[in-house]
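First up is the structure itself, then whatever we jot down about it.
What follows is calculated from the coordinates using simple rules that are stated; it is not laboratory data. In this text the structure is predicted, and so the values were computed from the model without any measurement. Every residue, glycine as well, gets a Cβ built from its backbone with ideal geometry; the counts of neighbours run over all protein chains shown.
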Amino acid sequence: TQLLEQSPQFLSIQEGENLTVYCNSSSVFSSLQWYRQEPGEGPVLLVTVVTGGEVKKLKRLTFQFGDARKDSSLHITAAQPGDTGLYLCAGERSNYQLIWGAGTKLIIKP
Amino acid sequence: GAGVSQSPSNKVTEKGKDVELRCDPISGHTALYWYRQSLGQGLEFLIYFQGNSAPDKSGLPSDRFSAERTGGSVSTLTIQRTQQEDSAVYLCASSLGRTASTDTQYFGPGTRLTVL
């Protein structure tokens with residue numbers, strides 16, 4: 001059972017376009033994290049959101065946690081080839097266990 | 001290096017053989033995690049070590065899987081009598097503390113296991 005559904009599973013767009021990736025669940029999480037993973041490497045933490053409705057910005061990336069703490073989104077403005085990678089969301093179930101989405105594979109074409 | 005290291009980076013084995021995967025966490029990190037990542041899937045939690053406490057083994061998929069952490073540092077994940085469905089990337093992560101939301105997990109590059 002996939003407790004965290006990510007969409008889309010795959011996205012290929014041109015450099016300069018905007019995009020949004022979604023992470024949805026029927027469960028409430030105490031926090032939610034977004035990671036980026038490149039081939040042959042482990043995931044790297046981008047951001048943690050904790051409060052319902054919270055919005056965090058990291059340069060061209062905007063992360064939002066849903067009011068009910070069941071869903072989250074990642075919006076990238078003016079995507080660049082360097083943004084290419086696998087984006088994973090993970091919800092905190094206990095204070096150390098994370099439930100992971102299957103990921104969104106993003107390709108930014110120059 | 002200051003990051004998490006894992007060895008081997010790739011392991012090809014025959015069905016029925018035992019394999020050992022090693023993880024060297026960041027020095028001083030008390031928490032260590034093992035995950036499994038199958039193709040097209042997210043990470044699956046396997047086991048968690050925190051200091052000298054008993055490990056949380058609730059994610060181990062069968063009794064063929066075991067792990068130990070010696071001296072609170074290096075960890076070894078052992079898979080006995082490997083099956084083809086064990087083929088995946090095995091990731092190790094370490095962190096300073098036990099709370100996912102406040103203690104960043106740092107991941108190693110993983111071991112890609114292929115069972116023929």
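Using a cutoff of 8 angstrom between alpha carbon atoms and counting only pairs six or more residues apart, the relative contact order for chain A works out to 36 percent.
Counting only other chain Cβ atoms within 10 Å of each residue's Cβ, the peptide B:97-109 averages 6. Charges were assigned to the Cβ only: +1 to each Lys and Arg, -1 to each Asp and Glu. The resulting dipole of chain B about its Cα centre is roughly 120 debye.
Within a straight-line Cα-Cα reach of under 28 Å, B:Lys15 can be paired with the following lysines, leaving aside sequence neighbours fewer than 8 residues apart in one chain: B:Lys57. Dipole magnitude for region A:38-110: computed about the Cα centre from +1 point charges on Lys and Arg Cβ and -1 point charges on Asp and Glu Cβ, it is near 160 debye. Peptide B:36-48 has a mean shielding of 4, counted as Cβ atoms of other protein chains within 10 Å of each residue's Cβ. Note on A:Lys56: lysines with a C-alpha under 24 Å away, same-chain residues under 8 apart excluded, are A:Lys70, A:Lys105.
Using only side-chain charges placed at the Cβ, +1 for Lys and Arg and -1 for Asp and Glu, the dipole size of the protein assembly as shown relative to its Cα centre rounds to 80 debye.
Note that chain A shows a convex hull volume over its alpha carbon atoms of 93 Å³ per residue. Shielding of peptide B:55-61 by partners, expressed as the average count of other chain Cβ atoms within 10 Å per residue Cβ, is 1.
Under 16 Å of direct C-alpha separation, and excluding same-chain neighbours fewer than eight residues apart, A:Lys59 reaches no lysines at all.
Computed 3J(HN,Hα) for region A:60-75, one whole-Hz value per residue from the Karplus formula 6.51 cos²θ - 1.76 cosθ + 1.60 where θ = phi - 60°, is 8, 9, 10, 10, 10, 9, x, 4, 8, 6, 10, 8, 8, 9, 10, 10, glycine and proline marked x.
With the charge dipole of region B:56-102 set up from +1 on Lys and Arg Cβ and -1 on Asp and Glu Cβ about the Cα centre, the Cα lying farthest toward the positive end among the listed residues B:Val74, B:Gly97, B:Ser87 is that of B:Gly97.
Comparing A:Leu19, A:Ile99, A:Val55 along the charge dipole axis of region A:1-101, the residue lying farthest to the positive side is A:Val55, per the Cβ-charge model.
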